[in-house]
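*Asks:* Starting off with a structure, shown below.
The values are calculated or read from the model by the stated rules, or taken from the named source; none is laboratory data. Keep in mind the model is a prediction, meaning the values are calculated, not measured. A quick note on method: Cβ atoms are made from the backbone with ideal geometry, for glycine too, and the neighbour counts reach across all protein chains shown.
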Amino acid sequence: MRLLAETGVKIAGARAVVVGRSNIVGKPMASLLLREHATVTIAHSRTANLPDLCREADILVLAVGRAKLVKREWVKPGAVVIDVGMNRDEAGKLCGDVDYQDVEPVAAGITPVPGGVGPMTIAMLMKNTLRAANAIEEARA
């Protein structure tokens, strides 16, 4: 959510589609978006008419685990695309669930893989670790 908030993306009232139903990314992301008043749909790799559903999203979050699954035709022009996928393409190169080169021209914003949500995840982990350490120190005092 911090990533969206920092870029000024309006979440309240937005149509969000989260492709991925894991307990690690998909479900928590859907809950966070709901908390911020987005209208959220959770989908997965076997969802019927997945490209059509994705095309309805103002905010599209991918965490499905399929290299370069999402193409330009799947994305509504001006949508914000958050790629949480970590895959290897046919050449063994790290890539996301989104075909970045294909989708980037139509998206208002898109996270790259590598270099997108990974560094943000590490930064938040470090922040929360420091917060926990400070709380322990305060409890001891």
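*Asks:* Can you list residue pairs whose Cβ atoms sit under 7 Å apart, with the first residue in region 1-14 being farther than 17 Å from A107 by Cα and the second being modelled with pLDDT under 85 and surrounded by fewer than 16 Cβ atoms within 10 Å (Cβ to Cβ)? Count only pairs 6 or more apart in sequence or on different chains.
*Replies:* Short answer, once both residue conditions are applied: R2/M120; R2/M124.
*Asks:* Now a separate question. Criterion first (in contact with a helix residue (DSSP H, G or I) (Cβ under 8 Å, 6 or more places away or on another chain), surrounded by 16 or more Cβ atoms within 10 Å (Cβ to Cβ) and at pLDDT 95 or above) does V113 satisfy it?
*Replies:* For V113, the condition - in contact with a helix residue (DSSP H, G or I) (Cβ under 8 Å, 6 or more places away or on another chain), surrounded by 16 or more Cβ atoms within 10 Å (Cβ to Cβ) and at pLDDT 95 or above - is not met.
*Asks:* Next up: List the residue pairs whose Cβ atoms are under 6 Å apart, where the first residue sits in region 15-36 and is closer than 13 Å to L62 by Cα, the second is at pLDDT 95 or above and hydroxyl-bearing (S, T, Y), and the two are 6 or more positions apart or on different chains.
*Replies:* Pairs that qualify, where the first residue is closer than 13 Å to L62 by Cα and the partner is at pLDDT 95 or above and hydroxyl-bearing (S, T, Y), are V17/T41.
*Asks:* Of the residues A14, A5, which single one is over 17 Å from Y100 (Cβ atoms) and buried (at least 19 other Cβ atoms within 10 Å of the Cβ)?
*Replies:* None of the other options fit; the residue is A14.
*Asks:* Here are the criteria: (1) surrounded by fewer than 12 Cβ atoms within 10 Å (Cβ to Cβ); (2) in a loop (DSSP other than H, G, I, E, B). Tell me which single one T47 does not satisfy.
*Replies:* The failed condition is (1).
*Asks:* Just to be sure, is D52 part of a helix (DSSP H, G or I), under 18 Å from V18 (Cβ atoms) and not hydroxyl-bearing (S, T, Y)?
*Replies:* yes
*Asks:* Next question, about the same structure. Of E137, E73, which residue is assigned to a helix (DSSP H, G or I) and touching a residue at least 12 places away in the same chain (Cβ under 8 Å)?
*Replies:* On the way: E137 fails: touching a residue at least 12 places away in the same chain (Cβ under 8 Å).
Being assigned to a helix (DSSP H, G or I) and touching a residue at least 12 places away in the same chain (Cβ under 8 Å) holds for just one of E137, E73, which is E73.
*Asks:* Could you tell me which numbered condition Q101 fails, if it satisfies all but one of (1) surrounded by 14 or more Cβ atoms within 10 Å (Cβ to Cβ); (2) part of a helix (DSSP H, G or I)?
*Replies:* Unmet for Q101, out of (1) surrounded by 14 or more Cβ atoms within 10 Å (Cβ to Cβ); (2) part of a helix (DSSP H, G or I): (1).
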